[in-house]
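A short write-up of the structure that comes next.
The values are calculated or read from the model by the stated rules, or taken from the named source; none is laboratory data. All values reported here derive from a predicted model rather than from experimental measurement. A quick note on method: Cβ atoms are made from the backbone with ideal geometry, for glycine too, and the neighbour counts reach across all protein chains shown. Note: accessible area is taken over every heavy atom of the protein model, side chains too, but ligands, DNA and RNA are not part of it. Shrake-Rupley method; radii C 1.70, N 1.55, O 1.52, S 1.80 Å.
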Amino acid sequence: MSLNSKKNLKKKETDSETKISIIAANFKNILETLELDLTNPNLKNSPHRIAKMYVNELFTGLKNDNFPSISLFENNYDYQQMLVQKEIHFVSMCSHHFMPFIGYATIAYFPGTHIIGLSKLNRIVKHFAKKPQVQENLTQEIGTCLQDILKTDHVAVYLNAKHFCIIARGIEDSHSFTSTYFLEGKFREAETKQQFLNEIKNKI
Ligand SMILES: [Zn+2]
């Protein structure tokens, strides 16, 4: 294969500034289609503001380069029990409606040779939440990523979230929550599974 055809296989990534100007132009179209007056000071800069928010804040998880740097420590204490990190707050965007869904993640694992810096668990949840998502997929992405990094099957993830596409449109129910699970390795065994489910229920 020639060098040129190899290069063509790799899709060139558009830089952030170009993305912002393309999204801003298209969002301007949407607002104009809604017959909004873009000379109104509250709307004038909205297309650019929204484009910047999409690229630099809400959807940073679309870029693999933004994946947090991970610190692993040797499991010197030979800690072999369950480690649980509870109520990790996240904000994501439903890919069906582009409305936010917000909630909490609880993560557990049994360490092997290494343990992970605790705040990295929060950062991993945040990274995968920052893109258009469905909750089922977000749960799985967090779980499989942790299995990869921690080199263990014994990982559990629980997400509990409120979806604004349920609150603000359609059924308009502001009360219901959605729960999703990733239970692998030991977490499929009845006793360990129950221990994890008890952890979810017990608040500090
Ligand atoms: Zn939705």
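Sorted on the mean count of surrounding Cβ atoms within 10 Å across their residues, most packed first, peptides 181-193, 75-87 read 181-193, 75-87.
The distance separating the Cα centre of the range 46-121 from that of the range 173-203 comes to 18 Å.
Residues in the range 107-112 carry Karplus couplings, in order, of 10, 9, 7, 9, x, x Hz; the curve used is 6.51 cos²θ - 1.76 cosθ + 1.60 with θ = phi - 60°, and Gly or Pro positions show x.
Between residue 73 and residue 97, the modelled label-to-label distance comes to 4.2 nm, taking each label 7 Å out from Cα in the direction of the beta carbon. In this structure the range 17-75 gives 71 Å² per residue of accessible area when probed at 1.4 Å with all protein chains present. Near residue 154, the amide H atoms lying under 5 Å from its own belong to 110, 186; only residues 5 or more places off or on other chains count, and H is placed 1.01 Å from N. Here the Karplus curve 6.51 cos²θ - 1.76 cosθ + 1.60, taken at θ = phi - 60°, turns the phi angles of the range 87-103 into couplings of 6, 7, 5, 9, 10, 10, 10, 5, 6, 7, 10, 6, 10, x, 10, 10, x Hz, with x standing for Gly and Pro. What residues have an amide H closer than 5 Å to that of residue 101, excluding those fewer than 5 places away on the same chain, when H is modeled at 1.01 Å from N in the peptide plane? Counting only residues 5 or more places away or on other chains, the set is 92, 93, 94, 164.
Taking the charge dipole of the chain about its Cα centre, with +1 at Lys and Arg Cβ atoms and -1 at Asp and Glu Cβ atoms, the residue from 23, 170, 90 reaching farthest to the positive side is 23. Separation of the alpha carbons by more than 26 angstrom is noted, of 131/162; 120/201; 131/203; 19/131, for 131/203.
Once fully extended, how much extra length lies between residue 26 and residue 43, figured as 0.36 nm per residue of separation less the alpha-carbon to alpha-carbon distance?
Working: separation 17, 0.36 × 17 = 6.12 nm, distance 1.44 nm.
Net length gain for the segment: 4.7 nm.
Which three semi-axes in whole Å describe the equivalent ellipsoid of the chain, each the square root of 5 times a Cα gyration tensor eigenvalue, listed largest first?
Working: eigenvalues 273, 122, 38 Å².
Semi-axes from the Cα gyration tensor: 37, 25, 14 Å.
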